[in-house]
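This report concerns only the one structure given below.
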Amino acid sequence: MTDTITAPTIEYLLLSPLLVVFGAAIVGVLVEAFAPRYLRAAFQVPLTLLSLVAAFALVIFVVVKDGVPNKAAAMGAVAADGPALFIWGTILLLAFVSVLLIGDDFVPSAVAVPGSVEEERAVSEGAAHTEVYPLVLFAVGGMLLFAASNDLLVMFVALEVMSLPLYMLCGLARRRRLLSQEAAMKYFLLGAFSSAFFLYGTALLYGYAGSIDLSKISTSLSSVGGQDSLLFIGAAVLGVGLFFKIGAVPFQMWKPDVYQGAPTPITALMASGTLVAAFGALLRVFWVALGNLEWDWSPVVWAVAILTMVVGAILAITQTDIKRMLAYSSIAHAGFILTAVVATAGAKQNSLALSGILFYLVAYGLTTVGAFGVVTMVRDPGGEAWHLSRWAGLGKRSPKLAMVLAFFLLAMAGIPLTSGFFAKYAVFSAAVSGGAVALVVVGVVASAIAAFFYVRVIVLMFFSDPAADGPSIVMPIATRGVVGFAALATVVLGVFPQPVLDLASKAAQSLFVR
Amino acid sequence: MEPIVEHSGGVIGASWLMIAFPLASAAILLLGGRRTNAWGHLLGVFAPVASFVVAVMCFLQPSGRYDVGLYDFIPGVAKVGLLIDPLSITFALLITGVGSLIHIYSIGYMAHDPERRRFFAYLNLFVAAMLLLVLADNYLVLFLGWEGVGLASYLLIGFWQFKPTAATAAKKAFVVNRVGDFGFLVGLFTIFATFGTFAFGPVFDNAAKASNGTLTAIGIMLLIGACGKSAQLPLQSWLLDAMEGPTPVSALIHAATMVTAGVYLVVRSGAAFFPEGATASLIVTIVGVATLLAGAIIGTAKDDIKKALAGSTMSQIGYMMLAAGLGPAGYAFAIAHLLTHGFFKADLFLGAGSVMHAMKDEVNMRRYGALRALMPVTFITFFIGYLAIIGFPLLSGYFTKDGIIETAMDSNAILGWLAVIGAGITGFYMSRVVFMTFFGSKRWADDVHPHESPSVMTWPLIILSIGSIFLGGYLILSNRLMVYLGPAVGLPEALPQFHPFSPTGLATLALVALGAAIAWVRYGSAEVPQVAPRGSFLTTFARRDLYGDALNEALLMRPGQWLTRLAVWFDNKGVDGVVNGLAAGIGGSSGRLRRIQTGFVRSYALSIFVGAAVLVGAWYVVGNL
């Protein structure tokens, strides 16, 4: 008997978006290694942006060429199906606009103390941490893979590829460096902790099903008997790792600290891209692997969704820092999306809910990037002005900027004629049709509480007198473009949501490959 | 009635441009600010003219009922679409046609106003909202337009907001209209609850399946809305005060178009909610007759030329309401009178504006007199409008008002005779206006030098007066309008025949002649005192708007204030306690929960660990249930 090693078949076209992003990241590393310092930025920025654009174009090309695929590529390791491609497109778009936000807010040299002679020298030499760009590309590649992995080990690897660069990026803020480094440290420790949970869950599920393939775990649910403890504990522990990434309560505590400490463009990337990717992975695990276990996990996810919405909304009320407030708002929004996840529990895989979730992710992602983009523009001498008291009277000082932010906040609150309204409408109506009426009632109450702190900022901006030494407004052209684009998207998705809803529903109809 | 068919493309498909032109213009003028001052009024005039061209092109298309879908906000619930049918096109032509003329007139009338651009922006906003109101293919969008015209009316009545009277009048119009709108809203809710949709087509098709009580309730609620917007009893009190707005506004909004929205609503909903002989229809006719008499009586005693005309507007809309309550036989006359009234009343108001322009904004007719020689164009056009409104044979009002009176007489003799009496009073008060203004002796202040208005103001007058002469005959003879509107509102079983010398018609003419004669004796041949004589109890009654405001104050305002105080008390003690308690509770729990966020990574890890333990435990428990 001779074992022959068969070469794995790789569907290069299907995976091309991933390959382009990772390839560009590696080229970026080489540039860091070999290009002279003053040339690096000139290479890195176009390389990063072009690779993201190319990957986005490839996603479209794949769909246009052969229709929406529905197969497990690379020997069953990576799922290429409607939701995966939709999520890829979303992540790439969000990454592109987040990268545009990256301006001067990164350390020129990691060891230099802010304001020190070394830093001045580093700045004057044109030094900048251009490795930010390849790091972002690696993180984005990890996000793409995370949302599309079809077995638990690939998912774990993707999780780490996504997370490790983010840990570093969090610590690279140029100003308030201690806060930034503390955030990076916390994120790293807790991320490692939760990764361990994820891995442990993977091991237990392997013990139960004898496979790490999501679809094989699913089929084994009906065939394997007497191992329920392994299954339940494994699934729950795996869930902890995923809930941590979306920031569901009680695994949310890292979010405010990290969102606050990280450089704001990176916060934007995490609040949009990471959330999208994590929801992609969460759906894949809960629907593909554990789809037949719905009766067991849906009460648990019910509880988590309620806690997440309520705690996120309530804690946001007393925040005095805009980044922390947005972090808690992101927690509440994760809860809103979870309502649709709960409601779609079922083997029939309710594509209405799936499309609702996909739409929500696009709408919320763009609004969030826009909101953080506005945050980068309002500056004090020591850096961005985060404390809400500094935002008082912004409406009089800079009416356009204040109006745009007010618009983003209204979208997050879910006011009609913004994308947030349709996003909430989509997930809540899916939840109602899935029978989770009580959950929607909680969701609406939480939305009402959330509306309070969104509107409070608006009131603060427009109905308070500006302080004499108020913050100054810095408007780099790229940031202005990002904020404008996000505002436009928020309007268009709020007034003409149909094309994107159709796209989401087309993606959702292909369902997850099993 | 013809069924409504979906339609897109072609001229009909582009009908949304009618609304888009004035809306865009309003947006440009309001957002552009002072930069647009130089040419703002030209853009403001261009917009309704462009809309008029689109309306004419739609009118020239093959007649039918087309539904042009524009935008699906929430599929199955909230949709924006236009219904292009003979009824809506008729209104669109009136709004854009007369509207354009009034816009042109306003160039001259507002020439010296520093805020002329803002004025045109609001006028454009009004035209857009009014077109949305009449072109909407469902009640929800109709309501959007309804509120839009309410807003524009508020802004324009209070246009000279530095005058406290204007500001108050605007507020009054707004508040009274809220009452009507509230009724309308309840009607809308009932419609949606009953039919599950707001769209005209399905609602009208399924109306027969709903219970009589529901239909009557919806009808009455819609009528309350119509009363508010059209200044019908008991919600009439705002219209007289609304004359504080610039005169073109009074002509366009408070005479020719907006105040007829109630008539439109009743006619549009007629087949479903106001069928012939139904309770709701009877109430419509009663409201109409009561208002036509009340308005006429108010008109007899006013010395302010615009208020006299406003009373007349109330009265004429009363006629339209009366006709609209009479079923398909009355619809065409209601609309025909609405159209001719749009022309002659706009003519009269703009004529009054021209006089005021000449008299340094004096509105008291006791300070006028003998203007006919000095302002010949204004006089002739005004006189034509006057002949039209009193129903002088062969002029517009003669055909349309007579049609309403005849139809009412056929339906119910009491209604008919009251309408005849109303016509007689019209003959008196309109003659009084003409005699006091253009005849008799000069009673002007010394520093007033009356002069004819510039041609940009007189040309619209001339065109409107031509319409006042011929339009009625054109619409009524051989039932042109009735046949044209038939597909949209239904036809009566037998088309009415026009009798030039019917007994009713002769009686009407006799009463009108008598009224005019009395007016001549009192105000034409006799000297008009410059200070109003005290007059009898009846005069005071009419001067005080039939004690409408006093009635409102006693019946509504005082109890309303008590109710408000009670509500405030309850709000402070009860609701606020709950609300503040709730808010404090949430805020407090937020503060307490916040303490868990210690900032120490070890406690975060502990939280994750505990959470994981709970999750595993819960899952395990649920899984083993």
Point to revise | So B:Gly81, is it in contact with a strand residue (DSSP E or B) (Cβ under 6 Å, 6 or more places away or on another chain) and either small (Gly, Ala, Ser) or open to solvent by 10 Å² or more (accessible area, probe 1.4 Å) (or both) | key: yes
Check your understanding: Which one of these is touching a Ser or Thr at 6+ places or on another chain (Cβ under 8 Å) and either of a type in the set (A, V, I, L, M) or open to solvent by less than 10 Å² (accessible area, probe 1.4 Å) (or both): B:Ala419, B:Ala388, B:Ala413, B:Ala373?
Key -> B:Ala388
Review point. Could you say which residue among B:Ala231, B:Ala208, B:Ala217 is touching a residue at least 24 places away in the same chain (Cβ under 8 Å) and open to solvent by 40 Å² or more (accessible area, probe 1.4 Å)?
Key: B:Ala217
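Taking region A:501-514, which residues are assigned to a helix (DSSP H, G or I) and more than 14 Å from every other protein chain (Cβ to nearest Cβ)?
A:Leu503, A:Ala504, A:Lys506, A:Ala507, A:Ala508, A:Gln509
Would you check which residues across region A:167-218 are of a type in the set (D, E, K, R) and buried (at least 22 other Cβ atoms within 10 Å of the Cβ) and list them?
Matches in region A:167-218: A:Lys186, A:Asp213.
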Exercise for review: Answer yes or no as to whether A:Ala436 is under 17 Å from A:Ala340 (Cα atoms) and either at pLDDT below 90 or among the aliphatic types (A, V, I, L, M) (or both).
Suggested key: yes
Revision key, fill the gap. Of the conditions (1) of a type in the set (S, T, N, Q); (2) more than 14 Å from chain B (Cβ to nearest Cβ); (3) within 27 Å of A:Arg177 (Cβ to Cβ), the single one that A:Ser195 does not satisfy is (2)
Check your understanding: Checking A:Gln319 against (1) open to solvent by 10 Å² or more (accessible area, probe 1.4 Å); (2) in a loop (DSSP other than H, G, I, E, B); (3) polar (S, T, N, Q), which test does it fail?
Key -> (1)
Point to revise | Selection within region A:243-254 - crowded, with 24+ Cβ neighbours inside 10 Å and either at the interface with another protein chain (Cβ under 7 Å from one of its Cβ atoms) or not β-branched (Val, Ile, Thr) (or both) | key: A:Phe243, A:Phe244, A:Lys245, A:Gly247, A:Ala248, A:Phe251, A:Gln252, A:Met253, A:Trp254
Check your understanding: In this structure, does A:Ser220 turn out to be assigned to a helix (DSSP H, G or I), small (Gly, Ala, Ser) and more than 8 Å from every other protein chain (Cβ to nearest Cβ)?
Key -> yes
Check your understanding: What is the one condition in (1) touching a residue at least 60 places away in the same chain (Cβ under 8 Å); (2) in a loop (DSSP other than H, G, I, E, B); (3) open to solvent by 10 Å² or more (accessible area, probe 1.4 Å) that A:Gly225 does not satisfy?
Key -> (1)
Revision key, fill the gap. Of A:Ala446, A:Ala450, A:Ala478, the only residue that is within 14 Å of another protein chain (Cβ to nearest Cβ), within 29 Å of A:Leu101 (Cα to Cα), open to solvent by less than 80 Å² (accessible area, probe 1.4 Å) and not basic (Lys, Arg) is A:Ala450
Revision key, fill the gap. Checked region B:453-498 for anything in contact (Cβ under 8 Å) with a residue 40 or more places away in the chain, assigned to a loop (DSSP other than H, G, I, E, B) and open to solvent by 20 Å² or more (accessible area, probe 1.4 Å); matches are B:Pro454, B:Leu491, B:Pro492, B:Pro496, B:Phe498
Check your understanding: Would a scan of region B:566-581 turn up a residue that is under 30 Å from A:Ser194 (Cβ atoms), at pLDDT 75 or above and within 14 Å of chain A (Cβ to nearest Cβ)?
Key -> no
**Study point:** Condition broken by B:Ser237, with the remaining ones in (1) farther than 21 Å from B:Gly97 by Cβ; (2) in contact (Cβ under 8 Å) with a residue 60 or more places away in the chain; (3) buried (at least 24 other Cβ atoms within 10 Å of the Cβ); (4) not aliphatic (A, V, I, L, M) satisfied
**Key:** (3)
Study note, to complete from the structure: Checked against (1) in contact with an Asp or Glu (Cβ under 9 Å, 6 or more places away or on another chain); (2) at pLDDT below 90, A:Gly142 satisfies every condition except (2)
Review point. Is it the case that region A:158-181 has a residue that's among the aromatic types (Phe, Trp, Tyr), farther than 30 Å from A:Ile102 by Cα and within 14 Å of chain B (Cβ to nearest Cβ)?
Key: no
Exercise for review: Determine whether B:Gly585 is open to solvent by less than 70 Å² (accessible area, probe 1.4 Å), within 14 Å of chain A (Cβ to nearest Cβ) and under 30 Å from A:Lys186 (Cβ atoms).
Suggested key: no
Point to revise | Residue in region B:545-552 that is among the small types (Gly, Ala, Ser), in contact (Cβ under 8 Å) with a residue 60 or more places away in the chain, in a helix (DSSP H, G or I) and away from chain A (no Cβ under 14 Å) present | key: yes
Practice item. Check whether at least one residue in region A:280-290 is closer than 25 Å to B:Tyr620 by Cα, within 13 Å of another protein chain (Cβ to nearest Cβ) and assigned to a helix (DSSP H, G or I), and report yes or no. Key: yes
Check your understanding: Can you name the residue in region B:592-625 that is facing chain A (nearest Cβ under 7 Å) and within 60 Å of the chain's Cα centre (by Cα) and is also least open to solvent (accessible area, probe 1.4 Å) among such residues?
Key -> B:Gln597
Practice item. Scan (1) within 12 Å of chain B (Cβ to nearest Cβ); (2) surrounded by fewer than 24 Cβ atoms within 10 Å (Cβ to Cβ); (3) of a type in the set (A, V, I, L, M, F, W, C) for the single condition A:Ile306 breaks and write down its number. Key: (1)
Check your understanding: more than 14 Å from every other protein chain (Cβ to nearest Cβ), surrounded by fewer than 24 Cβ atoms within 10 Å (Cβ to Cβ) and either at pLDDT below 90 or over 30 Å from B:Ser354 (Cβ atoms) (or both): does that describe B:Val68?
Key -> yes
Practice item. Kindly provide the set of residues from region A:1-25 that are assigned to a helix (DSSP H, G or I) and in contact (Cβ under 8 Å) with a residue 24 or more places away in the chain, ordered by number. Key: A:Leu13, A:Leu14, A:Leu15, A:Ser16, A:Pro17, A:Leu18, A:Val20, A:Val21, A:Phe22, A:Gly23, A:Ala24, A:Ala25
Exercise for review: Examine region B:502-514 for a residue that is within 18 Å of B:Lys302 (Cβ to Cβ), assigned to a helix (DSSP H, G or I), open to solvent by less than 50 Å² (accessible area, probe 1.4 Å) and in contact with a helix residue (DSSP H, G or I) (Cβ under 9 Å, 6 or more places away or on another chain), and state whether such a residue exists.
Suggested key: no
**Study point:** Which listed residue is in contact with a Gly (Cβ under 8 Å, 6 or more places away or on another chain), of a type in the set (S, T, N, Q) and modelled with pLDDT under 90, from A:Ser419, A:Ser429
**Key:** A:Ser429
Point to revise | Given (1) of a type outside the set (Phe, Trp, Tyr); (2) surrounded by 15 or more Cβ atoms within 10 Å (Cβ to Cβ); (3) out of contact with any Gly (no Cβ under 7 Å at 6 or more places or on another chain); (4) more than 29 Å from B:Ser100 (Cα to Cα), index of the condition B:Ala445 fails | key: (2)
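The values are calculated or read from the model by the stated rules, or taken from the named source; none is laboratory data. Fair warning: this is a prediction, and the values are worked out from it, not measured in the lab. FYI the Cβ positions are ideal-geometry reconstructions off the backbone, even for glycines, and counts take in every protein chain you see. Only protein heavy atoms, including side chains, enter the accessible area calculation; ligands, DNA and RNA are left aside. Shrake-Rupley method; radii C 1.70, N 1.55, O 1.52, S 1.80 Å.
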